[in-house]
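The structure appears right after this line, and notes come after that.
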Amino acid sequence: MTVRIYNTLHNRKEDFIPTEDGKVKMYVCGPTTYNYIHLGNARPIVAFDVIRRYFAYIGYDVTYVQNFTDVDDKIINRANEEGIDPKDLAEKYIAAYFEDADRLGVKRADVHPRVTEHMDDIIKMVQGIIDNGLGYEIDGDVYFEVRKFKGYGKLSGRSLDEMQSGARIAVDEQKRDPMDFALWKAAKPGEPAWESPWGMGRPGWHIECSAMSSKYLGKTFDIHGGGADLIFPHHENEIAQSEGCNCCKSVNYWIHNGFITINSEKMSKSLGNFFLLRDILDKFPGPVVRFYLMSTHYRSPLDFDDKKLEASAKSLERIWNAYRLTEEKLALLEKQEGADSDAPEKLSAITTETRKKFKDAMNDDFNTSLALASVFDLCRDVNSIVNVQGFSGGADTIAALKGVLAFFGELNEVMNVIVPQEEKGDDLSNELLNIIMAMRTKARAAKDWGTADYIRDELKAIGIVIEDAPDGPRWKKEK
RNA sequence: GGCGCUGUAGCCAAGCGGUAAGGCAGAGGACUGCAAAUCCUUUAUGCUCCGGUUCAAAUCCGGACAGCGCCUCCA
């Protein structure tokens, strides 16, 4: 079965057909690095991380490019406020971006190009647009002439005339049309500037993505992603630039994620109702936040509050418990002799079925919510097989349990939250805990419930949870 | 004003014409010294409302109501 993708260009789901067999070339708009990223920024980062991981999982060779906008009005303003060099400011927040993304389990892109390192490519593209008769220069500024580009508006589904009637844009007198946008801006005093055929200046906002995507992925590539608020004008303009310069279709599939909302209102920097990702990550582990972001389809709005993250934490715990239970059962069985039952066949049937459901869900426009439902089904089935009283087994059962753990690992390649991260402490504290657990076991044997419960309560207070499982007591760290 | 999205149980959320997945919370039961974890059972004659098409609609069409987004920097 092929992957189906909701393509903003045609407002419908379409079969994914790569430009080159077996390969996926995708570009996602990255952050403007003038601040720490907020939760809303995290959504596309995770959504497209999952998409890219999924393509790799089903055998595609994926090239993933995500840019950093490191020259921009906001960066310059902010740097001026702080009295530092814009370059240093951008570097600081790029480093912070990677810290945040790492905590969310996001894989690095194959290339993270920066605007400041691609001035030649950008200038070349602006020149190409001018040479094709779609750009014009006035006093060091270069504009794209939208009226000259047939098909302007095809992504956002608007016509120039409709937009102008209700537009709230200030008309710049020197532009030929109010909708014309800047490809190159003449330098103002005190701003970073680069040499160009039109004098010192810097790129407009949109041209960077056109220049860098075609440089790394080719003139025509498969997937371009970003937030839904980028559809217009950013992505519309990208199409105009890329196709206006290269004279061929630039992107086959446009994918846009929905917004994170607070009380049903869009979370955004301009509204001021945003939460910094790192602040949330200080309250909830990365995998919990990642799971929360994947629990809703990427195109739907996702409302945020702490309660939802708490529910996500509990849901995730359920998956992790199933994994641990299997792990412990396996360890137990490896130490004792036993005979195989029908467990191996059942376990293998379950993984086969789950793998199919998981893929079907993901193939249908990356339906992570449905895909996770199949994982929960898997957990329930595995738990019920493994947790029966007196469950034992021989070589086949042991192999099947190993297979289940491997399957969790397989799913983890895509979701990256299925397998619990190792949370054991250092050797010394593990040894001490084992001694304490042994003391408690003695107390319980002597029916000294007071001591046993005291130990359990005190450990709970420092984040160690004791469970007296049928196979014996075990401990784990909370969350 | 133009374009577009959304409305499913207490909460979150799948579903895209064939008779309501999954998670959280709740109830009952098994297991347990008590818990925890786990399992079993249970929780929407109904999917904002009103019409229509169809043998069949949460799903398609029309209308109403409510909420939201883009059209301006924004993921």
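Figures for the structure shown
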read-out: Ranking by accessible area, most exposed first, for A:D102, A:D141, A:D427 with a 1.4 Å probe; value: A:D427, A:D102, A:D141
read-out: DSSP beta bridge pairing in segment A:1-155, given as percent antiparallel to the nearest 5; value: 45
read-out: Distance (nanometres) between label positions extended 7 Å along Cα→Cβ at A:D306 and A:L370; value: 3.6
read-out: Percentage relative contact order, segment A:179-307, counting C-alpha pairs under 8 Å, at least six apart; value: 19
read-out: Spin-label model distance (nm) - A:F232 vs A:A56, 7 Å beyond Cα toward Cβ; value: 3.6
read-out: Rounded accessible area of A:I84 (nearest 10 Å², 1.4 Å probe); value: 70
read-out: Tensor-based shape of chain A (alpha-carbon gyration tensor, a/c under 1.5 rounded, otherwise prolate or oblate); value: prolate
read-out: Spin-label zone in segment A:240-258 - amide nitrogen under 18 Å from a point set 7 Å from the Cα of A:R176 along the C-beta vector; value: A:240-247
read-out: Heavy-atom accessible area ranking, 1.4 Å probe, most first, across A:S264, A:S210; value: A:S264, A:S210
read-out: Whole-Å distance, taken between Cα centres, linking segment A:428-472 and segment A:291-314; value: 34
read-out: Relative contact order [Cα under 8 Å, 6+ residues apart], chain A, whole percent; value: 16
read-out: Point-charge dipole on Cβ atoms (K/R +1, D/E -1) for chain A, about Cα centre, debye to 20; value: 860
read-out: Modelled FRET efficiency - R0 35 Å, A:L271 with A:F98, Cβ distances, 0.05 increments; value: 0.85
read-out: Lysines with Cα under 16 Å of A:K460, excluding same-chain neighbours fewer than 8 positions away; value: A:K424, A:K476, A:K477, A:K479
read-out: Antiparallel bridge percentage (DSSP; both residues within chain A; nearest 5); value: 55
read-out: Distance between modelled label sites at A:I435 and A:E334, nm, 7 Å Cα→Cβ extension; value: 2.7
read-out: Hydrodynamic radius of segment A:59-195 per Kirkwood, over alpha carbon pairs, in Å; value: 18.0
read-out: Extension gain (nm, one decimal) between A:K219 and A:S295, 0.36 nm per residue minus Cα-Cα; value: 23.9 nm
read-out: Signed unit charges on C-beta, dipole axis of segment A:180-322, positive-most listed residue A:A187, A:C245, A:G258; value: A:G258
read-out: Value at 222 nm in deg cm²/dmol, rounded to 500, when DSSP H runs of n ≥ 4 in chain A each add -39,500 (n - 2.57); value: -15500 deg cm²/dmol
read-out: Cα gyration tensor category, rounded, prolate or oblate, for segment A:380-445 with a/c compared to 1.5; value: oblate
read-out: A:E458/A:D426 FRET efficiency (R0 25 Å; Cβ-Cβ; nearest 0.05); value: 0.80
read-out: With every protein chain in place, chain A: carbon and sulfur % of accessible area (1.4 Å); value: 50
read-out: Surface accessible to a 1.4 Å probe, A:R176 within the full protein complex, Å²; value: 150
read-out: Interchain or long-range residues, amide H under 5 Å from A:L302's placed H; value: A:F259, A:I260, A:T261
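The values are calculated or read from the model by the stated rules, or taken from the named source; none is laboratory data. The model shown is predicted, which means the values in this text are computed figures rather than measured ones. All Cβ positions, even for glycine, are placed from backbone atoms using ideal geometry, and neighbour counts span all protein chains on display. Remember, those area values only see protein heavy atoms, side chains included, never the ligands or the DNA or RNA. Shrake-Rupley method; radii C 1.70, N 1.55, O 1.52, S 1.80 Å.
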